[in-house]
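Notes to accompany the following structure.
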Amino acid sequence: MGKNLQRTVGLRRLAIVLVVSALLALVGASPLFTLAKATVATATDILANYLTGQLSYSTADKLFLSANHHFLQGNYTKTIDKFEELIRKHPDQLNYEKIRQIHAMLGLSYEQTGQNEKKLQTYEQLMTVDPAYAHFLKGAAFDSEGRFSHAKREFELALETATIEKPLDESSSQIIHYTLERYSHEKPGKREP
């Protein structure tokens, strides 16, 4: 498998994990439940119940679910519109987990629409909420752009800024360690601008 294909597959997996986590958090599933039992089928059921009107949600939750739906459909422009509307109109209804998930999916959506500066700005905005996760997302963004020295620095900052109150999740930590190990075996700066 080529490196670009590996990155695409990796980003797609990250996107699915983000959407599943977001949908399960919306219905009150604990992070432990999300890690232990999250499946695409469960997320699909939650989304289907929303789309068919079988469950009622607040306006903010409807925007959140709608953005997730568009994200899964690959309609990144609508994803951006819905998340930006949610942030603008209902910031007081966004908890810690939703803020993390929104910024991660917004960043990926900006990337998919070629708006790399906005992607980095989105991750920068997350610094006040969760610096470690923001550094992780920036590291992943720089890595996908081939800016390895920038990525390495962001990954190192993610590990340094993780706290007991706001630790990196296990998958983010594993990605960082794997990537830093990969960098130690590659020639530095292969694709640096």
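The values are calculated or read from the model by the stated rules, or taken from the named source; none is laboratory data. These numbers were taken from a predicted model, which means no experiment stands behind them. The accessibility values were calculated without ligands, DNA or RNA, using every heavy atom of the protein model including side chains. Shrake-Rupley method; radii C 1.70, N 1.55, O 1.52, S 1.80 Å.
Data for the structure
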item	result
Calculated over segment 51-112: convex hull of Cα atoms, volume per residue (Å³)	76 Å³
Cα point-scatterer Debye curve for segment 93-193, base-10 log of I(q)/I(0) at q = 0.10, 0.13 Å⁻¹	-0.26, -0.43
Solvent-accessible area of residue 62 with every protein chain in place, 1.4 Å probe, in Å² to the nearest 10	100 Å²
Hydrodynamic radius by Kirkwood, which averages 1/r over all alpha carbon pairs of segment 51-155, in angstrom	14.2 Å
